[in-house]
């Protein structure tokens, strides 16, 4: 396997690219020579993130991926600009920490739309040009909450991330014959704003102290795992959920 994971010249859509894991993935892909189509609902932060990427022909597209039409438009614009789509990385998602009696239908819908519906419709849209090319890589983001059921007010979040595991397996079965792999990454605590903004220090310490490694994962480590799953070297890995959790959960 080459040190650039075979990414030079590849065209990759990376969602949630304004900050955190999405931004780290976009930065790594750009450094390795891929052309990044970065997407996020926060257009201002996204523009700042993309402006700092190495290389050229990167694109920032601000849109709400919880609307299926925007998923289709994102793929269409990628094809218009680059005439190809090789890699899709579905990072975008939300977490609302709510106790059971605080969850209403609106909260349920927000989380499911952002975390599951967006990934389903973007996977479906991206699959078409990948099938025509006879090659593709899709990496979805789930969470350890999909396996544990969630802690600290994450009931709906956990259900949504369980859905991502299932849709990953489904698309892997459907797209495998077209030389397209579909995998997921399930982080635990990663040192990002999503974690620090939704958990207090006591809760973070409680989780990290239960890890054999004893510390949060860095966003760059996750990005390297994405690059591997997007490489030719991972050609026979599909339908898999890769746990990156410091040993918190060993399945």
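In plain terms, the chain from residue 106 to residue 220 could stretch by 37.7 nm, reckoned as 0.36 nm per residue minus the Cα-Cα distance. Between the helical axis of 219-229 and the longest alpha-carbon principal axis of the chain there is an angle of about 50 degrees. If you sort the three axes of the alpha carbon gyration tensor as a ≥ b ≥ c, you get a/c of 1.5 or more for segment 115-251 and a/b above b/c, which makes it prolate. Among 36, 116, 59, the residue with the largest mean-square fluctuation in a Gaussian network model of the chain, with springs joining Cα atoms closer than 10 Å, is 59. Across segment 31-79, counting alpha-carbon atoms alone, Rg and Dmax equal 11.2, 31 Å. Multiplying the residue separation of residue 128 and residue 151 by 0.36 nm and subtracting their alpha-carbon distance yields 4.6 nm. Taking 38, 24, 92 as the candidate residues, the one with maximal mean-square fluctuation in a Gaussian network model of the chain, Cα springs under 10 Å, is 24.
Select from 90, 70, 183 the residue whose mean-square fluctuation is largest in a Gaussian network model of the chain (Cα-Cα springs shorter than 10 Å). For the chain, modelled as a Gaussian network with Cα springs under 10 Å, the answer is 70. By the count of other C-beta atoms within 10 Å, a proxy for reagent exposure, 182, 159 are ordered fewest to most as 159, 182. The relative contact order of the chain comes to 20 percent, based on Cα pairs under 8 Å that sit 6 or more residues apart. For segment 1-146, the extents of the C-alpha atoms along the principal axes are 50, 31, 30 Å, listed from largest to smallest. Kirkwood hydrodynamic radius of segment 59-99, from the reciprocal of the average inverse Cα-Cα distance over all distinct pairs: 12.0 Å. A Förster radius of 30 Å, combined with the Cβ-Cβ distance separating residue 166 from residue 209, puts the computed FRET efficiency at roughly 0.45.
With both residues required to sit in segment 11-244, DSSP beta bridges show an antiparallel share near 0%. In segment 72-104, whose amide N lies under 15 Å from the spot 7 Å out along Cα-to-Cβ of residue 57? List them in ranges. Answer for segment 72-104: 78-87. To the nearest ten degrees, helix 68-82 and the longest principal axis of the Cα atoms of the chain are 40 degrees apart. Need one word for segment 67-151: rounded, prolate or oblate. Basis is the Cα gyration tensor (sqrt eigenvalues a ≥ b ≥ c); a/c below 1.5 gives rounded, then a/b vs b/c decides. Prolate is the answer for segment 67-151, as a/c is 1.5 or above and a/b outweighs b/c. Counting only Cα atoms, the size of segment 11-244 along its three principal axes is 48, 34, 33 Å, in decreasing order.
Helix 155-175 and the longest principal axis of the C-alpha atoms of the chain enclose an angle of approximately 30°.
Rule-based calculations on the coordinates, nothing more; no lab input. If you're wondering where the values come from, they're calculated on a predicted model, not measured in any experiment. Using ideal geometry, Cβ is built from the backbone for each residue, glycine included, and neighbour counts are taken over all protein chains shown.
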